[in-house]
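For reference, the structure is listed below as structure tokens.
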């Protein structure tokens, strides 16, 4: 995986044009990162046996978000994706362009923190200090630092193993899923009876939280200049990848709740699959889950640092970030990489797993909501269905409000922290757009 220096946006260089299968792999590589390993424990703690249902509903929200991305991607055919779409749709609104740029980048920073935190949780899960929050944070910082160095000094080397990591992690996740289902300790009717007090509202809140696990399908649009027939392949690749991700996530969550006691999933939520597999399947199962988690988070960290740092440099070149972030050394946006990594580590230090997950989910819901709004504005040009576009706007808005409602009623302090982060984003984007 390398980058086109003329456009500064991530894509894959091929000797031939990208076909549907390759594009689906790109999207899955971006989506199937640390999300499923992270959301499982939190979901089970909130809604128990209804976790697979909530994950499926989260996938529906992702499909609604994808509709506008696809329509805008086919219309603009711009590798810049989110930021470029909004800038072109609202050319006379510098603040809107700046705000979407800041939201997109900090959304990627939150996922980088999430992947690093998940990597750390699984990496230390077999040690006596596995439950030490500060050890987990320090290891997460070390992981971010390692991939910062890799991105600065060994871009090509990392790119060569990216495809292998993507396909290997998918294979491991499938194996884990079916082994867990085969080791079932209970049945779904029994689990539903135990979770009978779960409310519909709680299921919808968890569905909104799982949205971050589907983030990444936008990478297909980054490859628009190298694909065959974008009008056909963009929608086919994105919709196919999301459906495959939904299937993988549901099967994994189903296997987990059938084979692993809920108490253990909740108690070890940072590394629930590894802990449960160790007791249910044995030590080899534990090692397989850890390997899958490390591969999944590694490829996701790599892709996030690669792509988001380039996009950060583009936004800085437009004047919406400090100009130093646009500077490159040997065609690599070193300062953007370093800045992203530092901010991701700060986010890891500020909060735990749930803060990072919820900030990331809200951020990408908001960004997707802005994309849906942009698509609605030019729906005649993109040939979009007014009903589907409005449905996407309502669905994404509802998901955002549901998370905020949950935060307000259960974690006011955490909501204040997240609100403070958004105030900083709004102020920062305004400062860098006021002179445009």
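The values are calculated or read from the model by the stated rules, or taken from the named source; none is laboratory data. This one's a predicted model, so the numbers in the text were calculated from it and none came from an experiment. Backbone-built Cβ (ideal geometry, glycine too); neighbour counts: all protein chains shown.
Here are the numbers:
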{"read-out": "Count - residues of the range 164-209 that are surrounded by fewer than 16 Cβ atoms within 10 Å (Cβ to Cβ), touching a residue at least 12 places away in the same chain (Cβ under 8 Å), in a helix (DSSP H, G or I) and out of contact with any helix residue (DSSP H, G or I) (no Cβ under 6 Å at 6 or more places or on another chain)", "value": "7"}
{"read-out": "Selection from the range 317-347 of residues that are within 23 Å of the chain's Cα centre (by Cα), modelled with pLDDT under 90 and under 30 Å from residue 396 (Cα atoms)", "value": "347"}
{"read-out": "First in the range 413-428 and touching a residue at least 60 places away in the same chain (Cβ under 8 Å), second anywhere and surrounded by fewer than 16 Cβ atoms within 10 Å (Cβ to Cβ) and in a helix (DSSP H, G or I), Cβ under 8 Å, 6 or more apart", "value": "417/350"}
{"read-out": "The range 81-95 - residue that is surrounded by fewer than 22 Cβ atoms within 10 Å (Cβ to Cβ) and touching a residue at least 60 places away in the same chain (Cβ under 8 Å) and, of those, farthest from residue 313 (Cα to Cα)", "value": "90"}
{"read-out": "Any pair with Cβ under 7 angstrom, 6 or more apart, that starts in the range 316-339 at a residue that is within 14 Å of residue 101 (Cβ to Cβ) and ends at one that is at pLDDT below 90 and surrounded by fewer than 18 Cβ atoms within 10 Å (Cβ to Cβ)", "value": "319/436; 326/317"}
{"read-out": "Flag for residue 19 being within 25 Å of residue 165 (Cα to Cα) and at pLDDT below 85", "value": "yes"}
{"read-out": "Among (1) assigned to a helix (DSSP H, G or I); (2) modelled with pLDDT under 90; (3) surrounded by fewer than 19 Cβ atoms within 10 Å (Cβ to Cβ), the one test that residue 406 misses", "value": "(3)"}
{"read-out": "Top-ranked residue of the range 409-436 - restricted to ones that are outside any helix (DSSP H, G or I) and closer than 25 Å to residue 315 by Cα, ranked as modelled with the lowest pLDDT", "value": "436"}
